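Chemist: Sending over a structure as structure tokens; questions will come in a sec.
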Amino acid sequence: GDGDSDDGFVIIKNIERELICPACKELFTHPLILPCQHSICHKCVKELLLTLDDSFNDVGSDNSNQSSPRLRLPSPSMDKIDRINRPGWKRNSLTPRTTIFPCPGCEHDVDLGERGINGLFRNFTLETIVERYRQAARAATAIMCDLCKPPPQESTKSCMDCSASYCNECFKIHHPWGTIKAQHEYVGPTTNFRPKILMCPEHETERINMYCELCRRPVCHLCKLGGNHANHRVTTMSSAYKTLKEKLSKDIDYLIGKESQVKSQISELNLLMKETECNGERAKEEAITHFEKLFEILEERKSSVLKAIDSSKKLRLDKFQTQMEEYQGLLENNGLVGYAQEVLKETDQSCFVQTAKQLHLRIQKATESLKSFRPAAQTSFEDYVVNTSKQTELLGELSFFSSGIDVPEINEEQSKVYNNALINWHHPEKDKADSYVLEYRKINREDEMSWNEIEVCGTSKIIQDLENSSTYAFRVRAYKGSICSPCSRELILHTPPAPAFALMGSGGIQLEEPITAKYLEYQEDM
């Protein structure tokens, strides 16, 4: 943010999506680079580790938190943070300290190893860009002098060696001529202080001066000599800096040159979305016509099919929306290009390299999509044609002519219930299914409760906080692309009357042993 023109501010403004932490959904603060190359705030990594560590001793705690896209964790106490940072700390002999958690950016498991958070690089380049963005967004609000007696004066310079900002008078007082401090490096007022030399997280006294091409991360000479990178291909930092800078510059030029192509493809996506909307509505109308003929018997099935069409339509529109946003990001005044241009302003080679490699790979992936444009979903709803030709007694299993995906089956033996329920299911096409939706409801004698839905990536899920002495029904359906399978056979489980024995701990009620589920057949009076 030099403030030279409004254009500069537009680009800075548009790159905000690149500057948001995937965990807290706010601007990055002290971002760390995870082994999967995604960045996440230092505090968010700590909170994730604390949350997962607490859940070890909670029966049926659910680490995936898939139903909540926005991670909102309570701020951990300093005491807890100190404990979890202590290398050998364990809650008890059976509970090792957690170092594995899913990356909020890509959901792949990240293993921090023995060094934990201390083994991660801080992403100084990203931090600098966030600070530049903050300055532009608040129209360069004055940074006050750190050393003035109240009231403080506006600062005129910041010392990178002292990590502090000064007004003219305080700077002269604290950096007198003829002393070593007079030789300190100072810049314009800033709140972003970073070390002049990046040090190795593995060998804290060694500076980063090489780049491991296999692990895609900067390393020091000890890492290469006898550390984890001994047999890896390592290049000099200046060589990696030069290569990546050239690649990133070419990436940006290529994307800027493809501006009109991206715009035409965005227009095409808009048309495809309208077509999907139209066809989805038409499919719903046709389904309604079928169901009206069998209205009394088929009332529940009608809503079920409409929900499936709506789910499919929403899934497709979401995919088109995501694809359109990805293409929007390729335009010159949008996020990715603007962000890459900001990264190119980085002059520190080490900082540049650790940020630029992953960005280069992202842009490569984006440019691949330009070479072979494929819509993210199909607009036709021909799989959603209701089959009414079967006999009346089979209407309870009514589904689309060809859903294209098998029905999952809940595994009774492996499904257990206490005040939490663990539901396991089997699916012959689990490698082909993208996700599942687990539905459950409490069964009352008086009235039918509505189904609760949870989206799940794997083939098991823990449902928390069920009521005591209650009967629950569970069922699951699978999704592949934008197609949804019919629901599985329902499983009925009964929760016990009250905790038989419990231990109170920091995570709430914890059982010494899980209580095996009792499977109940449907009863006539329910």
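The values are calculated or read from the model by the stated rules, or taken from the named source; none is laboratory data. Small disclaimer: the values here were computed from a predicted structure and weren't measured. Ideal geometry is used to build each Cβ from the backbone, glycine not excepted, and the neighbour counts take in all protein chains shown. Quick note on the areas: whole protein, heavy atoms, side chains included, nothing else; ligands and nucleic acids left out. Shrake-Rupley method; radii C 1.70, N 1.55, O 1.52, S 1.80 Å.
Chemist: When residues of the stretch 314-348 are filtered for being among the basic types (Lys, Arg), free of Cβ contacts under 8 Å to residues at least 60 places away in the same chain and within 17 Å of Thr276 (Cβ to Cβ), how many remain? Don't jump to the end; show me each part of the working.
Modeler: Of all residues in the stretch 314-348, those among the basic types (Lys, Arg) come to 314, 316, 319, 345.
With the extra rule that they be free of Cβ contacts under 8 Å to residues at least 60 places away in the same chain, the set shrinks to 314, 345.
Okay, now just the ones that are also within 17 Å of Thr276 (Cβ to Cβ), so 314.
The number of residues fulfilling the criteria is 1.
Chemist: Look at the stretch 269-294 and say how many of its residues are open to solvent by 70 Å² or more (accessible area, probe 1.4 Å), touching a residue at least 60 places away in the same chain (Cβ under 8 Å) and under 30 Å from Val337 (Cβ atoms).
Modeler: Summing the residues that are open to solvent by 70 Å² or more (accessible area, probe 1.4 Å), touching a residue at least 60 places away in the same chain (Cβ under 8 Å) and under 30 Å from Val337 (Cβ atoms) in the stretch 269-294 gives 1.
Chemist: Another question, then. Determine which member of the set Tyr436, Tyr418 is closer than 29 Å to Val386 by Cα, in contact with a Pro (Cβ under 8 Å, 6 or more places away or on another chain) and open to solvent by less than 20 Å² (accessible area, probe 1.4 Å). Walk me through it before giving the result.
Modeler: Values: Tyr418 fails: closer than 29 Å to Val386 by Cα.
Selected residue: Tyr436, the only one of Tyr436, Tyr418 that is closer than 29 Å to Val386 by Cα, in contact with a Pro (Cβ under 8 Å, 6 or more places away or on another chain) and open to solvent by less than 20 Å² (accessible area, probe 1.4 Å).
Chemist: Which members of the stretch 295-345 meet the condition of being open to solvent by 50 Å² or more (accessible area, probe 1.4 Å), at pLDDT below 85 and under 22 Å from Ser264 (Cβ atoms)? Working first, answer last.
Modeler: At the first step, the residues of the stretch 295-345 found to be open to solvent by 50 Å² or more (accessible area, probe 1.4 Å) are 295-297, 299-301, 303, 307, 310, 314-315, 318-319, 321-322, 325-326, 328, 332-333, 341, 345.
Remaining after also requiring at pLDDT below 85: 295-297, 299-301, 303, 325-326, 328, 332-333.
Residues satisfying the conditions are Glu325, Glu326, Gln328, Glu332, Asn333.
Chemist: Still on this structure, I have one more. Return yes or no: is Leu394 at pLDDT below 80 and open to solvent by less than 20 Å² (accessible area, probe 1.4 Å)? Full working, then the answer.
Modeler: Numbers: at pLDDT below 80: yes; open to solvent by less than 20 Å² (accessible area, probe 1.4 Å): no.
For Leu394, the condition - at pLDDT below 80 and open to solvent by less than 20 Å² (accessible area, probe 1.4 Å) - is not met.
So that you can scan it fast, the table gives a plain yes or no per residue for (1) assigned to a helix (DSSP H, G or I); (2) within 30 Å of Asn118 (Cβ to Cβ); (3) in contact with a helix residue (DSSP H, G or I) (Cβ under 9 Å, 6 or more places away or on another chain); (4) open to solvent by less than 60 Å² (accessible area, probe 1.4 Å):
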{"site": "Glu169", "(1), (2), (3), (4)": "yes, no, no, no"}
{"site": "Ile173", "(1), (2), (3), (4)": "yes, no, no, no"}
{"site": "Trp177", "(1), (2), (3), (4)": "no, no, no, no"}
{"site": "Lys181", "(1), (2), (3), (4)": "yes, no, yes, no"}
{"site": "Thr191", "(1), (2), (3), (4)": "no, yes, yes, no"}
{"site": "Lys196", "(1), (2), (3), (4)": "no, yes, no, no"}
{"site": "Pro201", "(1), (2), (3), (4)": "no, yes, yes, yes"}
{"site": "Leu214", "(1), (2), (3), (4)": "no, yes, no, no"}
{"site": "Pro218", "(1), (2), (3), (4)": "no, yes, yes, yes"}
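Chemist: Right, something else. Go through (1) open to solvent by 20 Å² or more (accessible area, probe 1.4 Å); (2) at pLDDT 80 or above and name the single condition Phe352 misses.
Modeler: Status for Phe352: all satisfied but (1).
Chemist: Any idea which residue in the stretch 144-159 is farthest from Asp348 (Cα to Cα), counting only those that are of a type in the set (A, V, I, L, M, F, W, C) and surrounded by fewer than 17 Cβ atoms within 10 Å (Cβ to Cβ)?
Modeler: Going through the stretch 144-159, the residues of a type in the set (A, V, I, L, M, F, W, C) turn out to be 144-145, 147-148, 159.
Restricting the remaining residues to those that are surrounded by fewer than 17 Cβ atoms within 10 Å (Cβ to Cβ) gives 144, 148.
Values: Met144: 27, Cys148: 31 Å.
Per the criteria, the residue is Cys148.
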